[in-house]
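Engineer: Below you will find the structure I want to go over with you.
The values are calculated or read from the model by the stated rules, or taken from the named source; none is laboratory data. Every value quoted in this text rests on a predicted model; they were computed, and no experiment measured them. FYI the Cβ positions are ideal-geometry reconstructions off the backbone, even for glycines, and counts take in every protein chain you see.
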Amino acid sequence: MKNSRIGKTALIAAAVTLTASLSVGSALAYFTTYCTAEGAYTMNMGFPDTDLEEHVDEEGKHIWIENTGEYEAFVRVKVFAPENLNVSFNPSNGWEYHMDDDYWYYSPVLQADGKTTELLVSYTFPVDEAPNDEIDTRPDEFNIVVIYESVPVLYNENGDADMMLSWSNVAAIESSGTATDDETENPDDTDTAEQEGE
Amino acid sequence: MKKRKKNSFPVKPALLLGAAALLLLSSTVGSTRAALTYYSDNYAAQIEMSSIGVALLENKAEVSGQNYGDNATTTGTLLKNMLSDGEKFTPGKPYDEALSVRNTGDIDTFVRVIITKSWQDAKGKDTTLAPSLIDFNILENTGWVVDDSTDYSDERIVLYYTQALAPGEETEALSDTIRIEPEIAQSVTVGEDGKYEYVYNGYSFHLEAEVDAVQMHNAEDAIKSAWGVDVTVSDDGRAITLN
């Protein structure tokens with residue numbers, strides 16, 4: 001009785017071992033491999049620095065803006081003149097006037113060390129309203145004030161440098177309340193500056 | 001009589017099992033002998049071991065790879081050449097980041113790529129910045145399919161190349177660009193000197209890619225075994241679809 005049980009158990013064990021030994025090979029047979037790579041970039045964003053270059057002659061005021069910083073920029077210009085002075089603009093390629101905010105925008109991206117094309121502000125002296133009398137009512141001196149601003153370039157989802165997106169980001173920063181009231185009124189990030197001419 | 005029967009060893013099954021074992025052993029021995037007698041010096045010199053190999057390419061240049069044939073493993077760095085010399089990083093601007101895979105082994109394979117995106121702050125810690133701000137642009141109709149069966153976060157994308165890769169063959173690029181959403185530039189503080197500073201300056205975005213390859217032969221079982229994924233293999237065995 002006992003011998004029979006041991007014998008049967010031994011037979012079953014032998015059968016299982018034999019069967020198992022047959023299936024070991026296939027489980028190890030798959031070829032696989034892998035490789036990995038990783039990388040990172042630490043953001044180093046900044047604001048552009050710009051400078052105004054101007055030249056006044058009998059034609060008017062010649063304006064250029066130069067990017068003196070390291071970052072790409074969009075720039076725009078606003079011109080203030082006395083009401084009785086007739087001012088006209090003669091823009092070169094790239095300058096476009098936006099009536100809604102009375103700014104002249106330079107639409108190409110201004111690269112680091114780049115310079116805009118010329119924007120010529122011409123003016124004509126006011127007419128003497130009573131030329132026959134001895135008193136000349138025209139002012140002896142007047143100012144044409146140029147304000148220029150720059151903003152970092154942002155790219156839209158199509159991957160294009162987007163001028164209005166970049167300028168609207170300034171508005172977004174201002175309206176987000178991140179800036180203090182003083183800066184909101186005179187935002188440094190737009191690198192505001194004034195030049196006067198006679 | 002009854003008592004003798006009970007105690008008797010099960011002769012018949014034992015004989016049958018013994019015979020089966022003998023047959024099994026003899027068949028193994030036979031093939032081993034045959035193989036041993038078949039091998040000659042000349043033949044041994046012509047043996048080429050099958051090997052599997054895979055490499056990751058970034059903008060057509062090999063970055064990392066592993067090949068069991070020549071036992072070579074290389075691990076490179078992504079995004080190293082993202083900016084050209086002197087160029088400054090710009091939010092929203094797309095930078096070339098075309099990832100593809102090459103079969104560097106000598107057997108046909110199926111491959112997949114796992115992309116992981118994450119942020120770290122200046123101290124190297126994970127941030128609350130959303131990985132979705134890292135726009136890794138995946139191309140369509142390239143043979144790559146994104147596994148959307150699992151609810152992956154924006155942090156992890158798994159892509160399968162549906163065609164088998166022959167030795168030396170490259171996949172089409174699964175992506176073309178990487179860009180950081182421009183809204184990151186809206187977070188600005190004002191320094192003591194009154195100048196604006198970006199909040200996320202000093203933060204870094206990370207991109208990690210893992211390429212897995214598995215043999216084309218018996219792909220359904222091999223892929224299930226290696227990747228735990230159910231696929232259906234085409235009749236010719238050279239294409240897969242995710243189940």
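Engineer: Checking the structure you have, find out if any residue of segment A:166-185 is crowded, with 18+ Cβ neighbours inside 10 Å, hydrophobic (A, V, I, L, M, F, W, C) and modelled with pLDDT of 70 or more.
Structural biologist: Yes: one or more hits.
Engineer: Quick check, is B:V211 free of Cβ contacts under 8 Å to residues at least 24 places away in the same chain, within 30 Å of B:M82 (Cβ to Cβ) and among the aliphatic types (A, V, I, L, M)?
Structural biologist: So B:V211 fails the test.
Engineer: Something else about it: Take segment A:76-127 and flag every residue that is at pLDDT 95 or above, out of contact with any Ser or Thr (no Cβ under 6 Å at 6 or more places or on another chain) and not in a strand (DSSP E or B).
Structural biologist: Once the filter is applied, which keeps residues that are at pLDDT 95 or above, out of contact with any Ser or Thr (no Cβ under 6 Å at 6 or more places or on another chain) and not in a strand (DSSP E or B), segment A:76-127 yields only A:T116.
Engineer: For segment B:126-137, check the following and say yes or no: at least one residue is modelled with pLDDT of 95 or more, part of a loop (DSSP other than H, G, I, E, B) and either facing chain A (nearest Cβ under 10 Å) or over 19 Å from the mean Cα position of the chain (by Cα) (or both).
Structural biologist: Checked against the condition, which is being modelled with pLDDT of 95 or more, part of a loop (DSSP other than H, G, I, E, B) and either facing chain A (nearest Cβ under 10 Å) or over 19 Å from the mean Cα position of the chain (by Cα) (or both), segment B:126-137 yields no hits at all.
Engineer: Could you check segment A:26-71 for strands (runs of 3 or more DSSP E) lying wholly inside it with 1 or more residues that are of a type in the set (F, W, Y) and closer than 30 Å to B:R156 by Cα?
Structural biologist: Those strands (runs of 3 or more DSSP E) span A:32-42.
Engineer: Only one of (1) at pLDDT below 85; (2) within 11 Å of another protein chain (Cβ to nearest Cβ); (3) over 30 Å from B:P10 (Cα atoms) is not met by A:E38, so which one is it?
Structural biologist: Condition (1) is where A:E38 drops out.
Engineer: Ok, one more. Applying the selection to segment B:73-111, what residues are in a strand (DSSP E or B), over 24 Å from B:A166 (Cβ atoms) and within 8 Å of chain A (Cβ to nearest Cβ)?
Structural biologist: Selection gives B:T77 alone.
Engineer: Give segment B:179-202 a look and list any residue that's in contact with a Gly (Cβ under 9 Å, 6 or more places away or on another chain) and without any contact (Cβ under 8 Å) to a residue 40 or more places away in the chain, or say none.
Structural biologist: Those that are in contact with a Gly (Cβ under 9 Å, 6 or more places away or on another chain) and without any contact (Cβ under 8 Å) to a residue 40 or more places away in the chain: B:E197, B:Y198, B:N201.
Engineer: Working only within segment B:79-101, note down all residues that are within 30 Å of B:H217 (Cβ to Cβ) and surrounded by 21 or more Cβ atoms within 10 Å (Cβ to Cβ).
Structural biologist: Residues satisfying the conditions are B:L99, B:S100, B:V101.
Engineer: Mind listing just one residue for me: the one in segment B:49-72 that is more than 7 Å from every other protein chain (Cβ to nearest Cβ) and part of a strand (DSSP E or B) and, of those, farthest from B:L165 (Cα to Cα)?
Structural biologist: B:A72
Engineer: Another question, if that's okay. So, in segment B:156-185, exactly how many residues are out of contact with any Ser or Thr (no Cβ under 6 Å at 6 or more places or on another chain) and either of a type in the set (D, E, K, R) or over 30 Å from A:A161 (Cα atoms) (or both)?
Structural biologist: Counting residues in segment B:156-185 that are out of contact with any Ser or Thr (no Cβ under 6 Å at 6 or more places or on another chain) and either of a type in the set (D, E, K, R) or over 30 Å from A:A161 (Cα atoms) (or both) gives 14.
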